[in-house]
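Below is one structure; the comments refer to it alone.
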Amino acid sequence: MFNKSKLCLAIVGFAAATGAAHAKDTLKIGIIESISGPAAAYGESHRMGTQLAVDLINQAGGFNGKPIEFVAEDDRSDPAAGINAAKKLLTQQKVDAIVGSSASLVTIAFTRENERYKVPVVNGMAGSPTITEQGYKYTWRINMTDAQLDTKAVEYFIENKQIKSFAFLVENSDYGKPPTQAAGERAKELGATVTAYEEYNRGETDFKAQLSKIKETNPQVLFVHGYYTEGSIIARQVKELGLDVTLVVNMGQGVPKFAELAGDAANGAVFPTTWLPGLDNEISKNFEKAYKEKYGSEPGAFEAGTYDAIFTVLEAAKRGGGATPKQIQEGLKQIEGYEILMGKISFDEKQQNSGEVRLATFKEGKIVPFN
């Protein structure tokens, strides 16, 4: 597991090597990530993606000929800790922009601090629609919302697999409910039936009561939206109860940790995603190559999203004419068409990016395209 103290020491050493003074043309990025807590697997992906992006940028000359600096804070997968992390980065470290967090509820909580201090935050991982529904001018997201992802998955199954009935089992929170409610409404619009909509609380481990109710309604697809911690248990219990359904999970569960915890029950589970390995375009090939050279493993959508977020901040600074928060904010307004791993950026009036949704599935513990 990632050692936060080593990161802090690395940052101090990096600052000493590049000059302690934070010059106006030096780009300093704050990173908020869930290194500990229930979303730690996401935080690890976040760290690896941001570190790779920073390394590549600095190897290529940094910004204005100077290495970009970064300071990372652990939000512990907790909204209150996330707020404190943001305050520290904004008031003590005086960062020019923030990237993160991987956790939706944390991001919802701390973005009010960015608004207060007029420092932009660029999110490449968290999926709750609420993040960009708050009306904040300094909150930008390049990742698609979970509502967009879940809805596209439902549309695919109806239009391409002739699925007529869906059941939902979702975390009872702002993370689980808005996306699946939107997807359920879209299913009905397309003529399908929502046979059941059950909820659970984070931290629960027994879902057999909800699953038994769902089984009685005989759906063709069961859509589970939550964290991989509960979702992997649900997958096992679906198998134990003999539910004859196609299991669909949200993008947040489309990670190796889900397959590790769910075991054989993960096989065949489908999820929507913004990126996956093996895409036939130059930017993806270069990213995969660099990632494998650095870490010796294959990246996924979460590493890609946070990698994209760092490069988006850099491009915004270039287009805005400098590294101050105001210049980065202006640059983000001008970044239409900039190509990242998730496609060309196109922000709407809420500063929410659109993008292409792809479907993937688990096969013998590996993530592969779903057809």
Length added when fully stretched, Lys213-Leu241, from 0.36 nm per residue minus Cα-Cα: 8.9 nm
Label corresponding to Rg and Dmax of the Cα atoms in Å when calculated from the structure given, among (1) 20.3, 66; (2) 25.9, 82; (3) 21.3, 66: (1)
Net charge of Cβ neighbours under 12 Å - reference Phe370; Lys, Arg +1; Asp, Glu -1: +3
Within-11-Å neighbourhood charge of Ile108 [Cβ basis; K, R +1; D, E -1]: -1
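To check you understand DSSP bridge types, tell me what percent of the beta bridges within the chain (both residues inside) are antiparallel, rounded to 5.
Of the beta bridges lying entirely in the chain, close to 25 percent run antiparallel.
What's the extension gain from Glu159 to Asp348 if we count 0.36 nm per residue and subtract their Cα-Cα distance?
Working: separation 189, 0.36 × 189 = 68.04 nm, distance 2.65 nm.
That pair, Glu159 and Asp348, stretches by 65.4 nm at full extension.
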Angle in degrees between helix 177-189 and the longest Cα principal axis of the chain, rounded to the nearest 10: 50 degrees
Between 0 and 90°, nearest 10: helix 104-117 axis offset from the chain longest Cα axis: 30 degrees
Three-way shape label, the range 308-371, alpha-carbon gyration tensor, a/c 1.5: prolate
Cα centroid separation - the range 29-45 against the range 253-315, whole Å: 16 Å
Stretchable slack from Glu282 to Asp206, in nm (0.36 nm times residue separation minus alpha-carbon distance): 22.9 nm
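Would you mind classifying the range 138-178 by shape? Square roots of the alpha carbon gyration tensor eigenvalues, ordered a ≥ b ≥ c; an a/c under 1.5 is rounded, otherwise it is prolate if a/b is larger than b/c and oblate if not. Display every interim value, and only then the final one.
Values: a/c = 5.26, a/b = 1.54, b/c = 3.42.
In terms of gyration-tensor shape, oblate.
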Global form of the range 162-251, assessed from the alpha-carbon gyration tensor, a/c cut-off 1.5: oblate
Between the range 324-364 and the range 148-178, the Cα center-to-center distance that results, in Å: 23 Å
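Read-outs: derived from the displayed coordinates by stated rules, not from any lab. Because the structure is predicted, anything quoted here is derived from the model rather than measured. Neighbour counts are summed over all protein chains in view; Cβ atoms, including those assigned to glycine, are modelled from backbone coordinates with ideal geometry.
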